[in-house]
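S.K.: Mind looking over this structure? Questions follow.
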Amino acid sequence: QSETFFTSSFFYFPETGGAPVKFPLPPKATPQGVFADTLLVTLEQDGAEIVSAPEGDRARARAALLIPEIEDPDVDATHYLRRLDELAAASRLGSGTDPAAQLARLKELLFEQEGFRGNRDDYYDPRNSCLDQVLERRLGIPITLSVVLIEVARRVGLRIVGIGLPGHFVVGADVGTH
């Protein structure tokens, strides 16, 4: 965890007594409570337009770019949204292409040609969780690499969804009966 990521702390006093527990708190965050020893916060960000945005636009990618803005408020979200557009264009796929072929092409483009990969050397590097850094470094963790795949796929008309599992995050592609 980055020393600059958190700007203040939240102290939780357990009902059973004992010493207070200190949780680091990112900027623009409001503590909502503690559940299963995890601090729940809401980010005080103008996200209303993201949450209410119609399906099919850049809402999810824009929401993912709120995370790096905690660390660096000057992150140019438009630049990274364009980068996702460029990756989709580089695939040379259209919405009429067979979904299984689309998936194979996106896998080849992102993970072979562009070199996106998991950070096996430093899994807990905070940059692995920031979409802007993942797009720059082509290095991330499963959930951010999945966001890249989901967003590029959406731009070419392929439906890929995130699937949260205990301790893991995977994706599923809607490729019909294949």
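The values are calculated or read from the model by the stated rules, or taken from the named source; none is laboratory data. Since the model is a prediction, treat every value here as computed from it, not as a measurement. As a convention, Cβ positions derive from the backbone with ideal geometry for all residues, glycine included, and neighbour counts pool all protein chains shown. In case anyone asks, the SASA skips ligands and DNA or RNA and just uses the protein heavy atoms, side chains included. Shrake-Rupley method; radii C 1.70, N 1.55, O 1.52, S 1.80 Å.
S.K.: Kindly write out, for region 71-81 in residue order, the coupling ³J(HN,Hα) from the Karplus curve 6.51 cos²θ - 1.76 cosθ + 1.60 (θ = phi - 60°), rounded to whole Hz, with x marking Gly and Pro.
M.R.: 6, 9, x, 8, 4, 8, 4, 4, 4, 6, 5
S.K.: Here is a further query. For a quick check: with amide H placed at 1.01 Å from N, whose amide H comes under 5 Å from Val171's, ignoring anything fewer than 5 positions away on the same chain?
M.R.: Those lying under 5 Å, H to H, from Val171 are Ile163.
S.K.: Going by average Cβ neighbours within 10 Å, how do the peptides 167-174, 105-112 rank, with the highest at the top?
M.R.: 105-112, 167-174
S.K.: Still on this model: Given a 1.4 Å probe and every protein chain left where it sits, what share in percent of the accessible area of region 71-178 is carbon and sulfur?
M.R.: 51 percent
S.K.: Residues with amide H under 5 Å of Arg117's amide H, sequence separation 5 or more or different chain, H placed in the peptide plane at 1.01 Å from N; which?
M.R.: The answer is Leu139, Gly140.
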